[in-house]
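Bear in mind that the values in this text are calculations on the coordinates, not laboratory data. Being a predicted model, the structure only gives us computed values, none of them experimental. Cβ sites come from the backbone with ideal geometry, for glycine too, and all protein chains shown count toward neighbours.
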């Protein structure tokens, strides 16, 4: 993972204007000196008495001022901020290498050193990880939990496992990746899924590690939760609306339908008009003939459609006027 680090240009060599800087994109962000803290421990607080107990528990497990900064979003006087608001604010402010977002009633039962060890194992396995939690569901629906609730503890059974999304009680976000929640998200439910969904679209993967936490509540599933579920489903439908998307130079297609694929190929071929790119256009024709010749139908259709539109534009205005004025 790299981060854009701005450095002064060598103007004697580059002969650049005085105000110009170059961007070094080869600098790794994983060095310990990139961030002044290891963790930015972030919490949306509604009861400071409960948050005080959390801080004591964190300190006992090695999450203290020597390696952490502590950020809070104050909802003690009412729900001024949604969870989405808080996460966006934490991401802008955090100076830790890892942004640890936790509930005020989520208590670590294992050390900060153990969490770092597990994160390093994930890093070695998958340098493109972006989010880590202690609970989540794999893509097949199987739950992976490192959680004690109501006095009963469940373990993952292995150091880490890749999942589709994590639970909100504890989320570790890799700082410097740009991972955050959606701009228009609101409320206090399903924001962990949104975070992991954004991470996936940015190219980062999500994992659960076997780091045990105690959650002193069973969560809240009510009418507000169902409303949040519907909002999130609507948002995801908007993301995946349609089967292809045109750009200025091609048409992207992610449908498995041969008709949609043929349509996208036809549009891509028709988009490439400059003689400089004739070889690529010819290659796309040949590939299409062998894999899905349906695209020829769409080529003909779009050519006829464009020709008809051209005729309508070129039709003399006097003819249009006389047609409209002719007696019935």
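Taking the highest mean first, how do the peptides 163-176, 180-193 order by number of other beta carbon atoms within 10 angstrom per residue?
Working: 163-176: 23.1, 180-193: 18.4.
The densest-packed peptide leads the list: 163-176, 180-193.
Sticking with the crude label model, points 7 Å out along Cα→Cβ, report the distance from residue 254 to residue 314 in nm, one decimal please.
About 4.0 nm, to one decimal.
Residues in the range 86-109 near a label at residue 79, defined as backbone nitrogen under 14 Å from the 7 Å Cα→Cβ point?
Within reach of a label on residue 79, which here means backbone N under 14 Å from a point 7 Å along Cα→Cβ, the range 86-109 contributes 86.
Between residue 271 and residue 290, how many nm apart are label points set 7 Å from Cα along the C-beta direction?
In this crude spin-label approximation the distance works out to 2.4 nm.
Mind giving me the nanometre distance, one decimal, between the label points for residue 72 and residue 201, set 7 Å out from Cα along Cα→Cβ?
In this crude spin-label approximation the distance works out to 3.3 nm.
With r as the distance between the Cβ atoms of residue 120 and residue 92 and R0 = 22 Å, compute the FRET efficiency 1/(1 + (r/R0)^6) and round to 0.05.
The computed FRET efficiency comes out at 0.25.
Suppose the chain between residue 162 and residue 227 were pulled fully straight at 0.36 nm per residue; how much longer would it get relative to their current alpha carbon spacing?
On the way: separation 65, 0.36 × 65 = 23.40 nm, distance 2.80 nm.
This chain segment gains 20.6 nm when fully extended.
Want the number for residue 279 to residue 184: 0.36 nm per residue separation, take away the alpha-carbon distance, what's left? Display every interim value, and only then the final one.
On the way: separation 95, 0.36 × 95 = 34.20 nm, distance 4.41 nm.
Contour length minus the Cα-Cα distance gives 29.8 nm.
Could you order the peptides 95-105, 109-119 from most to least packed, using the average number of other C-beta atoms within 10 Å per residue? Walk me through the numbers on the way to the answer.
Details: 95-105: 21.8, 109-119: 18.0.
Ranked by mean Cβ neighbours within 10 Å, highest first: 95-105, 109-119.
Per residue and in Å³, how big is the convex hull formed by the alpha-carbon atoms of the range 37-135?
Values: hull volume 10.4 nm³, N = 99.
Taking the convex hull of the Cα positions in the range 37-135, it is 105 Å³ per residue.
Please arrange 310, 129, 213 by how many other C-beta atoms lie within 10 Å of their C-beta, fewest to most. List each step's numbers first, then the result.
Details: 310 10, 129 21, 213 26.
With the fewest neighbours first, 310, 129, 213 line up as 310, 129, 213.
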